[in-house]
Structure formats: structure tokens, C-alpha cells
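The values are calculated or read from the model by the stated rules, or taken from the named source; none is laboratory data. All of these numbers come straight from a predicted model, not from anything done at the bench. Reconstructed Cβ throughout: ideal geometry from the backbone, glycine too, with neighbour counts over all protein chains shown.
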Amino acid sequence: MNPITKNPTRATPVEWILLSARWVFVSVGVIALGYVAFATLDARLFQARAKHALDGQVQTQQEPGVSSPLAPAKEGDVLGRIDIPRLGLSVAILKGTSSRILRLGAGHIAGTALPGEPGNSGIAGHRDTFFRPLKDIQQNDQIQVQTATGVSRYQVDWFKIVGPRDIDVLAPSSESTLTLVTCYPFYYVGPAPKRFVVHAIKL
């Protein structure tokens, strides 16, 4: 008669817990990677659509006899595009700074001048996506802003790190200026404690 032995395939409660935890972590990782892939693809597709929409606005304004002002922009509408050639940065500027808008592009900060217009125009962007190249910004770098009514060119005169409540950098200006704002440090894990600000003057 064979002796009764323990079934080697039967897991102990601790083993079941560890196995379940492993599957939970794997599932969370797969979901997180899937979300990142979806968000990246969604942003790229949106940027392509935004470029097409801006090109259409420019073409319409250049048609003979077109002199009527553009309709007031709504939250999320394309206002223009910002390019910093040396950094390879090119991104659509949208109206507003909600989390969804900043996931899709750069956002125009309410209360500041519209892109390309007189005054201080404030533009915000995420440090881990579209505005990541700002970490390599240098004084005198050229910035171009394309809107439906034309192209404005700026030159960086300073950049600095400020606290999240330091809104003086967005104060109105008698000059035509551009202020870019993103979180800092660039590689900080979690909500970043400071802000990186780039200021440029219209040429």
C-alpha cells in the first residue's frame, strides 16, 4: 500500500497570495503601458489634425477679399503653433490649460495676450512630453509662433526657475513677449514642486 503523500501541485495560502499579487502587478503594468501608448498615439494624431486645421485657417485668411476677424475661439480650439527650430520643438497651441488640453498640445494661459498679439502671451506645456526640449533652451534661441493671421518671431532673453505661485512672470507687458511655462525638475517623479519659465521678446 502506497503511503499518502502531499500533493506537490497544491499551493499553500502564501503561495496563492504571491501568485495573485504577481498577476495583479502584471495586469497593472500592461494597462499602464497600454494607456501610455494610447495617449501618445492620440496626441500625435491630434497634432496632425491641428496642423491641418491651422493650415486651413492660414489659407482662408490669405484669400483675396477676406478681412473679417476670426470667430472667438472656444476651449480646446487651435490658436496656432509654436516652433523652436534648434530644439526640434513643434507643437500646436490650444485655448486653455486643462489636463486634456495639455495632453494633446501646449495650452494658452487665460488672462494673457493671445499668441502673436501685443502684450505678454503665456503658453504652458508638460515637461514630460511637448515641452521636454526646453531643458536645453539657450539665450538668443529663436522661437516662431504661427497663427492664422501671420508668423511672429521671438528671441529668448532669459529663463529661470520659480515657485508654483510666482505668477509675476505672466504679468501684462507693454512689449510683445512670449512666456513659456512648464514644471520643474524635468525628470522629477510625481508632481513637480517648481516651474521652469522661458521668456522671449518679439523681433
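One table, with the values for the structure above:
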{"item": "Single match in TYR184, TYR188 (criterion: surrounded by fewer than 14 Cβ atoms within 10 Å (Cβ to Cβ), closer than 23 Å to SER99 by Cα and of a type in the set (Ser, Thr, Tyr))", "result": "TYR188"}
{"item": "Breaking point among (1) more than 21 Å from VAL78 (Cα to Cα); (2) over 17 Å from the mean Cα position of the chain (by Cα); (3) at pLDDT 95 or above; (4) surrounded by 12 or more Cβ atoms within 10 Å (Cβ to Cβ), for THR177", "result": "(1)"}
{"item": "Of all residues making up segment 143-156, the number that are closer than 25 Å to ASP77 by Cα, among the polar types (S, T, N, Q) and either in a strand (DSSP E or B) or in contact with a Pro (Cβ under 6 Å, 6 or more places away or on another chain) (or both)", "result": "4"}
{"item": "Of the criteria (1) in a strand (DSSP E or B); (2) more than 22 Å from ARG81 (Cβ to Cβ), which one LEU180 fails", "result": "(2)"}
{"item": "Qualifying residues in segment 129-152 (those that are over 19 Å from the mean Cα position of the chain (by Cα) and surrounded by 13 or more Cβ atoms within 10 Å (Cβ to Cβ)) - the one farthest from GLN47 (Cα to Cα)", "result": "ASP141"}
{"item": "Residues satisfying the stated conditions in segment 84-99, i.e. in a strand (DSSP E or B) and surrounded by fewer than 18 Cβ atoms within 10 Å (Cβ to Cβ)", "result": "SER90"}
{"item": "Unmet criterion (only one of (1) closer than 18 Å to LEU89 by Cβ; (2) touching a helix residue (DSSP H, G or I) at 6+ places or on another chain (Cβ under 7 Å); (3) in contact (Cβ under 8 Å) with a residue 60 or more places away in the chain) for VAL197", "result": "(3)"}
{"item": "Residue match in segment 70-82 (condition: of a type in the set (Asp, Glu), surrounded by 13 or more Cβ atoms within 10 Å (Cβ to Cβ), part of a loop (DSSP other than H, G, I, E, B) and modelled with pLDDT under 95)", "result": "yes"}
{"item": "Residue check for THR112: touching a residue at least 60 places away in the same chain (Cβ under 8 Å), in contact with a Gly (Cβ under 8 Å, 6 or more places away or on another chain) and over 24 Å from ARG44 (Cβ atoms)", "result": "yes"}
{"item": "Candidate set: segment 115-125, residues that are at pLDDT 95 or above and in contact with a strand residue (DSSP E or B) (Cβ under 7 Å, 6 or more places away or on another chain); chosen: the one surrounded by the fewest Cβ atoms within 10 Å (Cβ to Cβ)", "result": "ASN120"}
{"item": "Some residue of segment 157-167 being out of contact with any helix residue (DSSP H, G or I) (no Cβ under 8 Å at 6 or more places or on another chain), assigned to a strand (DSSP E or B), surrounded by 21 or more Cβ atoms within 10 Å (Cβ to Cβ) and not hydroxyl-bearing (Ser, Thr, Tyr)", "result": "no"}
